[in-house]
Amino acid sequence: MSESKIFYKYKAHEIRGELVSDSGKARGSSKRKLCLRKIIANLIMGNYHEMAQLFVDVLQIWNSENDLEIKRMCHQYFCTLTPSKPDQLRMALPIILQDLLSNSEELCILSLRTITSIDEPEYIQEGFQHVKKLIMTTSKISIPLRKAAIHSLIKMDQLDHTKVLELYYFLMDMLDYGKEEPTILVAAVTVLHEIHVSNPDMNPLQLTQNICFNLLEVLGKINEWDIAILFDILTTAYLPKTHSEAHHLIDLSVPKLHNLNSSVVLNALKFIIYLTNYVDYIEERLVRKFSSSLTSLLNKPPEIQFLVLRNVILLLLSRDSPLIHLEPNNFFIEYSDPTYIKDTKLEILYLLANEENTSQILDELKGQATDIDIQMSKKSIRAIGNLAVKYPHSARYSVDVLLELLEFGVDYIVQEVVSMLKNVLRKYPNQFDFVVPLLPQYSDSIQDSESKCAMIWIVTNHSNQLEDPIGVFRKYSDNFNTEGLEVQLLLLNSAVKFFCRAQSKETEQLCLKLLSGATEINDNPDLRDNAYMYWRLLSLAGNSSEPLFNNDVVRDMIDGELPVIEINTKLDPIVREELELNIGSILSVYLKPVSQVFRGVSPKKLPESPALNHEKSSLSIINDSISNNSTGSFHGSDTTRRSSSPIKKMTDFDRPAETVNQLKDKRKSSISLSATKLARKPSMLARKLSMRKPFQ
């Protein structure tokens, strides 16, 4: 049957009629399966009232059929409707328990999920007994079934938190012992994490050192999604006590940065970045690995690329000395890139700029400034202007690029270039005055409010470089009443500035015209208030009875020296800390605190530790040769750890080997005798190798 006939709103009596008519036929099972598909489709479409009337009919099918697909649809029907009538719940419970004792593993998992999702005392009691039995019994229970039982505790915690706490410490002991199957250990720590998250009255999950290393030992034995979950949970769940311990954890996690799964890479990176808050230095090789792992993810589909690029921006903004060193050519924009990828790459190119690569980045931005996409063109020009303001060494080349773009004469390019030149002229007074006489010829191309304000500001504050600044100014002041509020306020301010600088008949008429228009014609209260304020100031300045308030005082107030503009690209330390703990999540896309994105979610914070580095700017990046000579070594504080732990220490380094495994005949014959001689005397060893400290 076609999908259109299944996804059609049926009445309860229509489906019941089909069930009755086919009950005695040989093909009744397939017909009942088709009827169940119709019922599930109607539930998806929201036809609950009609489908709820078929509960008894579905229950009969559920009790009589052994087909797994039919059972699955019956369980889905029951969980979707969750009958509110107690007698219906009692009717279904024996069937669910029967499925729970089935020999089919899939059916057992299905019934376990069903019985633990119903908020009814009988279901909670039966479900908890079976879950407890499955979790605590290690023999003759399949791994998927035990894993499903552990995960069902998350639902049961929402129904009865007290009962779930009975198994809380059992799961903790399971993790501490570390002898269960790796996937079972991951399921256990996942459930513990969810219990802490869903219960605000509980403190955040804190794992012991032994549990942490037990979990890291199984990284090579679990699938990629479990690895990603594990790294996500370990971030803030385990607290390093010393710098050397944090270094050791980083070394254990670094190999996962080169995994093919993007989720594994991002979560491993998040865990390592978290650990860098507890180290005293970072090796240069780690910075290279961070960078190469992120670069390798740029070959993924656009959606993953976007997530990676946003996290690159986060890492570049987070610290004074970024933990990643990336080449700009990896972020050059390609024609086939979606718009959101292009936009994000532009931001990264801007953040990557320094004294060495500014010219390379400016050339790329110049090419994008002539893009057919108007928004991309504007953003590229804005990035060029911001680079000129941010880096003085690139200001001249940036201005040359902007003037070259200005010659195109395209309206939206001209408007954006003028807006950026205003910032450059303000940042570097008297350095680029030669630009000012070139701008009035493009006045007709300027249409939007921002570029008009930029042009008016340039004409007003650099009037000495223009032959007829008042004439250029009148092109905008003549349309005073039709302009937007932002332009009107600036025109009013500029007219008063012209009058204060040079009191002439021309400037007086210009000033009075705008003041009269703002107070008598315009009805905007903000504009009227500003106009009256200027009028009172000028009146006081012209009043001879006020000797302390003259034209010079008014000029200093209105036409004073502006502060030099600066561009700050660093995040607030508190926001940065929170975002670093959410690398790879939606918060890293928004680059906003969790309180501004989700309601009722508590932000993550760095746990306090003696090893916590409060001054992130003091964290140094050292050469690999220096780190190799470091005398620091990691000593596990847990002396009861088993020999399988990654924390090992060689204490007999100064003793010669007592036994040597002999090579097999074939390999032994291929090696010269001189190469296989072993020096066993301590005196001979001392001549060849001198070791001052133990190594691991």
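The values are calculated or read from the model by the stated rules, or taken from the named source; none is laboratory data. Since this is a predicted model, take the numbers as computed values, not measurements. Virtual Cβ from ideal backbone geometry, glycine too; neighbours counted across all protein chains shown.
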- Message: Condition (residue is touching a helix residue (DSSP H, G or I) at 6+ places or on another chain (Cβ under 9 Å) and either assigned to a loop (DSSP other than H, G, I, E, B) or farther than 23 Å from Asp343 by Cα (or both)) applied to the stretch 381-390: is it met by at least one residue?
- Response: no
- Mind listing whichever residues of the stretch 135-158 are of a type outside the set (Lys, Arg), outside any helix (DSSP H, G or I) and loosely packed, with under 14 Cβ neighbours inside 10 Å? Thr137, Thr138, Ser139, Ser142
- Query: Of the residues Ser321, Ser292, Ser296, which is within 21 Å of Asn223 (Cβ to Cβ) and either assigned by TED's automatic domain parsing to the domain that holds Gly367 or surrounded by fewer than 18 Cβ atoms within 10 Å (Cβ to Cβ) (or both)?
  - Reply: Ser296
- Can you tell me which of Ser617, Ser644, Ser637 is more than 29 Å from Leu219 (Cα to Cα), at pLDDT below 85 and among the small types (Gly, Ala, Ser)? Ser617
- Query: Of all the helices (runs of 4 or more DSSP H) wholly in the stretch 1-104, which have at least 1 residues that are under 29 Å from Pro144 (Cα atoms) and modelled with pLDDT of 90 or more?
  - Reply: 28-44, 55-64, 68-81, 86-100
- Message: Condition first: closer than 20 Å to His193 by Cβ and either touching a strand residue (DSSP E or B) at 6+ places or on another chain (Cβ under 7 Å) or buried (at least 19 other Cβ atoms within 10 Å of the Cβ) (or both). Now tell me which residues in the stretch 254-276 satisfy that.
- Response: Lys256, Val264, Leu266, Asn267, Ala268, Leu269, Lys270, Phe271, Ile272, Ile273, Tyr274, Leu275
- Please specify each residue of the stretch 112-134 satisfying the condition of being small (Gly, Ala, Ser) and either over 14 Å from Ala92 (Cα atoms) or outside any helix (DSSP H, G or I) (or both). Ser117
- Please work out which residue is farthest from Asn582 (Cα to Cα), limiting yourself to the stretch 214-252 and to residues that are of a type in the set (Phe, Trp, Tyr) and surrounded by 23 or more Cβ atoms within 10 Å (Cβ to Cβ). Tyr238
- Query: If we scan the stretch 354-369, do we find a residue that is assigned to a loop (DSSP other than H, G, I, E, B) and in contact with a Lys or Arg (Cβ under 9 Å, 6 or more places away or on another chain)?
  - Reply: no
- Note on the structure: Of those in the stretch 215-227 that are assigned to a helix (DSSP H, G or I) and in contact (Cβ under 8 Å) with a residue 40 or more places away in the chain, the residue nearest to Leu269 (Cα to Cα) is Ile227
- Counted residues, the stretch 178-201 - those being surrounded by fewer than 18 Cβ atoms within 10 Å (Cβ to Cβ) and on the phi > 0 side of the Ramachandran plot: 0
